[in-house]
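Okay, so here's the structure we're looking at.
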Amino acid sequence: MRLTRLLLCCSLLLAAAPAGRAEYIVLRSGQRLKVSRYELLGDKYRLQIAGGTVVVAAEDVLGIEPEEVFTPSKPSDDSKTPYRELIEAASAQYKVDADLITSVIAVESNFEPKAISRRNARGLMQLLPETAERLGVKDIFDPKQNIDAGTRYLSDLLQRYDNNLVLALAAYNAGPEKISRFGDVPPYPETISYVRRVKRVYENSKSGVTPRSTQKSKPVSPAAGSRGGN
(Lines give C-alpha, C1' and ligand atoms only; values in the text may rest on other atoms or scores of the structure.)
Protein backbone atom coordinates (compact mmCIF):
# COMPACT_ATOMS: atom_id res chain seq x y z
CA MET A 1 0.00 0.00 0.00
CA ARG A 2 2.85 2.38 0.80
CA LEU A 3 4.39 1.79 -2.62
CA THR A 4 1.01 2.28 -4.32
CA ARG A 5 0.47 5.59 -2.54
CA LEU A 6 4.02 6.61 -3.38
CA LEU A 7 3.58 5.88 -7.09
CA LEU A 8 0.26 7.74 -7.11
CA CYS A 9 1.99 10.71 -5.56
CA CYS A 10 4.75 10.47 -8.18
CA SER A 11 2.19 10.44 -10.95
CA LEU A 12 0.54 13.59 -9.66
CA LEU A 13 3.85 15.37 -9.38
CA LEU A 14 5.00 14.24 -12.81
CA ALA A 15 1.90 15.73 -14.39
CA ALA A 16 3.46 19.14 -13.78
CA ALA A 17 6.99 18.17 -14.85
CA PRO A 18 8.52 20.44 -17.49
CA ALA A 19 9.41 19.00 -20.90
CA GLY A 20 13.04 18.19 -21.60
CA ARG A 21 15.62 15.44 -21.50
CA ALA A 22 14.94 12.93 -18.78
CA GLU A 23 14.88 9.25 -17.97
CA TYR A 24 11.94 6.94 -17.44
CA ILE A 25 12.01 4.50 -14.55
CA VAL A 26 10.06 1.43 -15.61
CA LEU A 27 8.43 -0.41 -12.70
CA ARG A 28 7.34 -4.03 -12.55
CA SER A 29 3.76 -2.81 -12.34
CA GLY A 30 4.17 -1.41 -15.87
CA GLN A 31 4.20 2.21 -14.74
CA ARG A 32 6.85 4.56 -16.17
CA LEU A 33 8.06 7.44 -14.01
CA LYS A 34 9.75 10.42 -15.65
CA VAL A 35 12.76 11.52 -13.61
CA SER A 36 15.46 14.13 -14.08
CA ARG A 37 18.00 12.22 -11.98
CA TYR A 38 18.35 8.86 -10.27
CA GLU A 39 20.86 7.28 -7.90
CA LEU A 40 21.22 3.69 -6.75
CA LEU A 41 21.78 3.52 -2.98
CA GLY A 42 22.16 -0.07 -1.88
CA ASP A 43 18.86 -1.81 -2.55
CA LYS A 44 16.92 1.38 -3.28
CA TYR A 45 16.71 4.01 -6.02
CA ARG A 46 16.46 7.67 -5.12
CA LEU A 47 14.51 9.41 -7.89
CA GLN A 48 14.47 13.13 -8.59
CA ILE A 49 11.11 14.14 -10.00
CA ALA A 50 9.29 17.40 -10.48
CA GLY A 51 8.52 18.66 -7.02
CA GLY A 52 10.94 16.59 -4.98
CA THR A 53 12.68 13.26 -4.38
CA VAL A 54 11.21 9.80 -3.81
CA VAL A 55 12.74 6.41 -3.01
CA VAL A 56 11.70 3.05 -4.46
CA ALA A 57 13.04 -0.46 -3.92
CA ALA A 58 15.53 -1.58 -6.59
CA GLU A 59 13.65 -4.85 -6.95
CA ASP A 60 10.59 -2.90 -8.13
CA VAL A 61 12.57 -1.28 -10.96
CA LEU A 62 12.40 -3.26 -14.19
CA GLY A 63 14.52 -0.90 -16.26
CA ILE A 64 15.67 2.64 -16.97
CA GLU A 65 14.90 4.08 -20.40
CA PRO A 66 16.48 7.37 -21.54
CA GLU A 67 14.09 9.79 -23.15
CA GLU A 68 14.73 9.82 -26.87
CA VAL A 69 16.33 13.01 -28.15
CA PHE A 70 15.63 12.62 -31.87
CA THR A 71 12.33 13.39 -33.58
CA PRO A 72 11.51 13.31 -37.32
CA SER A 73 10.18 16.86 -37.19
CA LYS A 74 13.48 18.27 -35.95
CA PRO A 75 16.39 17.32 -38.21
CA SER A 76 19.63 16.65 -36.41
CA ASP A 77 22.41 19.21 -36.41
CA ASP A 78 25.90 17.70 -36.42
CA SER A 79 27.35 20.69 -34.61
CA LYS A 80 24.95 20.18 -31.68
CA THR A 81 25.28 16.42 -31.31
CA PRO A 82 27.24 15.64 -28.13
CA TYR A 83 30.60 13.96 -28.68
CA ARG A 84 30.19 14.20 -32.46
CA GLU A 85 33.94 14.35 -33.16
CA LEU A 86 34.57 11.22 -31.08
CA ILE A 87 31.67 9.46 -32.78
CA GLU A 88 32.95 10.40 -36.24
CA ALA A 89 36.42 9.13 -35.36
CA ALA A 90 35.09 5.79 -34.15
CA SER A 91 32.82 5.59 -37.19
CA ALA A 92 35.76 6.05 -39.54
CA GLN A 93 37.95 3.54 -37.73
CA TYR A 94 35.42 0.73 -37.35
CA LYS A 95 33.21 1.39 -40.40
CA VAL A 96 29.98 1.83 -38.42
CA ASP A 97 27.46 4.50 -39.39
CA ALA A 98 27.96 7.52 -37.13
CA ASP A 99 24.19 7.95 -36.81
CA LEU A 100 23.89 4.38 -35.54
CA ILE A 101 26.55 5.00 -32.90
CA THR A 102 24.74 8.19 -31.88
CA SER A 103 21.43 6.33 -31.68
CA VAL A 104 22.90 3.63 -29.45
CA ILE A 105 24.37 6.26 -27.12
CA ALA A 106 21.04 8.14 -27.02
CA VAL A 107 19.16 5.04 -25.90
CA GLU A 108 21.90 3.60 -23.68
CA SER A 109 22.84 6.67 -21.64
CA ASN A 110 21.14 9.76 -23.08
CA PHE A 111 24.67 11.13 -23.58
CA GLU A 112 25.47 10.96 -19.85
CA PRO A 113 29.16 9.87 -19.60
CA LYS A 114 28.86 8.85 -15.93
CA ALA A 115 25.72 6.74 -16.37
CA ILE A 116 25.60 3.45 -14.45
CA SER A 117 22.82 0.93 -14.98
CA ARG A 118 21.38 -1.38 -12.35
CA ARG A 119 23.37 -4.14 -14.05
CA ASN A 120 26.58 -2.14 -13.63
CA ALA A 121 26.90 -1.23 -17.31
CA ARG A 122 28.77 2.07 -17.46
CA GLY A 123 29.43 5.14 -19.52
CA LEU A 124 28.04 6.50 -22.77
CA MET A 125 27.69 3.13 -24.50
CA GLN A 126 26.97 1.25 -21.27
CA LEU A 127 29.81 -1.27 -21.22
CA LEU A 128 30.13 -3.88 -18.52
CA PRO A 129 33.48 -3.60 -16.71
CA GLU A 130 34.55 -7.05 -17.94
CA THR A 131 33.71 -6.14 -21.53
CA ALA A 132 35.58 -2.86 -21.22
CA GLU A 133 38.61 -4.66 -19.79
CA ARG A 134 38.55 -7.17 -22.65
CA LEU A 135 38.54 -4.27 -25.11
CA GLY A 136 41.48 -2.57 -23.43
CA VAL A 137 39.58 0.29 -21.79
CA LYS A 138 41.49 1.92 -18.94
CA ASP A 139 38.85 4.48 -17.92
CA ILE A 140 35.33 3.26 -18.65
CA PHE A 141 33.86 6.72 -18.00
CA ASP A 142 36.18 8.47 -20.44
CA PRO A 143 33.99 9.39 -23.45
CA LYS A 144 36.71 8.70 -26.02
CA GLN A 145 37.60 5.27 -24.66
CA ASN A 146 33.97 4.30 -24.07
CA ILE A 147 32.82 5.31 -27.55
CA ASP A 148 35.82 3.67 -29.18
CA ALA A 149 35.32 0.37 -27.36
CA GLY A 150 31.54 0.38 -27.72
CA THR A 151 31.79 1.06 -31.45
CA ARG A 152 34.42 -1.65 -31.90
CA TYR A 153 32.17 -4.12 -30.10
CA LEU A 154 29.17 -3.06 -32.19
CA SER A 155 31.25 -3.42 -35.35
CA ASP A 156 32.26 -6.95 -34.32
CA LEU A 157 28.61 -7.85 -33.78
CA LEU A 158 27.55 -6.42 -37.14
CA GLN A 159 30.21 -8.51 -38.84
CA ARG A 160 29.27 -11.58 -36.81
CA TYR A 161 25.62 -11.32 -37.89
CA ASP A 162 26.29 -10.30 -41.51
CA ASN A 163 25.15 -6.71 -40.97
CA ASN A 164 21.80 -7.79 -39.53
CA LEU A 165 21.18 -4.71 -37.43
CA VAL A 166 18.41 -6.29 -35.36
CA LEU A 167 20.53 -9.25 -34.27
CA ALA A 168 23.55 -7.04 -33.64
CA LEU A 169 21.55 -4.74 -31.39
CA ALA A 170 19.95 -7.66 -29.59
CA ALA A 171 23.40 -9.14 -28.95
CA TYR A 172 24.69 -5.77 -27.78
CA ASN A 173 21.92 -5.67 -25.21
CA ALA A 174 21.55 -9.30 -24.13
CA GLY A 175 24.84 -10.86 -25.20
CA PRO A 176 25.78 -13.07 -28.19
CA GLU A 177 25.28 -16.23 -26.14
CA LYS A 178 21.57 -15.42 -25.90
CA ILE A 179 21.35 -15.12 -29.69
CA SER A 180 23.03 -18.51 -30.00
CA ARG A 181 20.67 -19.99 -27.44
CA PHE A 182 17.46 -18.82 -29.10
CA GLY A 183 18.65 -18.56 -32.70
CA ASP A 184 17.07 -15.11 -32.90
CA VAL A 185 16.31 -12.10 -30.72
CA PRO A 186 15.81 -13.50 -27.22
CA PRO A 187 12.20 -13.22 -25.96
CA TYR A 188 13.04 -10.72 -23.24
CA PRO A 189 10.79 -7.62 -23.05
CA GLU A 190 13.78 -5.43 -22.22
CA THR A 191 15.77 -6.64 -25.23
CA ILE A 192 12.84 -6.40 -27.64
CA SER A 193 12.09 -2.88 -26.40
CA TYR A 194 15.76 -1.92 -26.67
CA VAL A 195 16.05 -3.03 -30.29
CA ARG A 196 12.86 -1.19 -31.24
CA ARG A 197 13.94 2.01 -29.51
CA VAL A 198 17.40 2.11 -31.08
CA LYS A 199 15.98 1.39 -34.52
CA ARG A 200 13.33 4.09 -34.07
CA VAL A 201 15.91 6.69 -33.02
CA TYR A 202 18.17 5.63 -35.88
CA GLU A 203 15.37 5.84 -38.44
CA ASN A 204 14.28 9.22 -37.08
CA SER A 205 17.82 10.55 -37.40
CA LYS A 206 17.70 9.59 -41.09
CA SER A 207 14.38 11.34 -41.69
CA GLY A 208 15.96 14.78 -41.46
CA VAL A 209 19.40 16.00 -42.48
CA THR A 210 21.55 12.89 -42.79
CA PRO A 211 24.69 13.18 -40.62
CA ARG A 212 27.99 12.54 -42.29
CA SER A 213 29.26 9.00 -41.96
CA THR A 214 31.87 6.79 -43.50
CA GLN A 215 29.54 3.90 -44.28
CA LYS A 216 25.83 3.36 -44.37
CA SER A 217 24.47 0.31 -42.62
CA LYS A 218 22.94 -2.22 -44.99
CA PRO A 219 19.15 -2.46 -44.89
CA VAL A 220 17.91 -5.25 -42.65
CA SER A 221 14.60 -7.00 -42.24
CA PRO A 222 12.69 -6.41 -38.99
CA ALA A 223 12.93 -9.28 -36.51
CA ALA A 224 11.05 -10.41 -33.50
CA GLY A 225 18.59 -6.31 -26.30
CA SER A 226 25.57 -4.13 -25.02
CA ARG A 227 27.35 -4.27 -22.96
CA GLY A 228 28.83 -7.65 -23.90
CA GLY A 229 26.37 -10.03 -22.37
CA ASN A 230 24.61 -8.20 -19.55
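The values are calculated or read from the model by the stated rules, or taken from the named source; none is laboratory data. These numbers were taken from a predicted model, which means no experiment stands behind them. For neighbour counting, all protein chains shown are included, and Cβ atoms are generated from backbone atoms with ideal geometry for every residue, glycine included.
A few points about this structure:
- So Asp99, is it crowded, with 24+ Cβ neighbours inside 10 Å, of a type outside the set (A, V, I, L, M) and over 23 Å from Ile179 (Cβ atoms): yes
- Exactly one residue out of Arg160, Arg181, Arg200, Arg152 is surrounded by fewer than 21 Cβ atoms within 10 Å (Cβ to Cβ), under 14 Å from the mean Cα position of the chain (by Cα), among the basic types (Lys, Arg) and outside the structural domain of Ile25 (by TED's automatic domain parsing), and it is Arg200.
- Subset of region 190-214 (residues that are modelled with pLDDT under 60 and among the small types (Gly, Ala, Ser)): Gly208, Ser213
- Top-ranked residue of region 18-66 - restricted to ones that are at pLDDT below 60 and surrounded by fewer than 15 Cβ atoms within 10 Å (Cβ to Cβ), ranked as farthest from Val198 (Cα to Cα): Pro18
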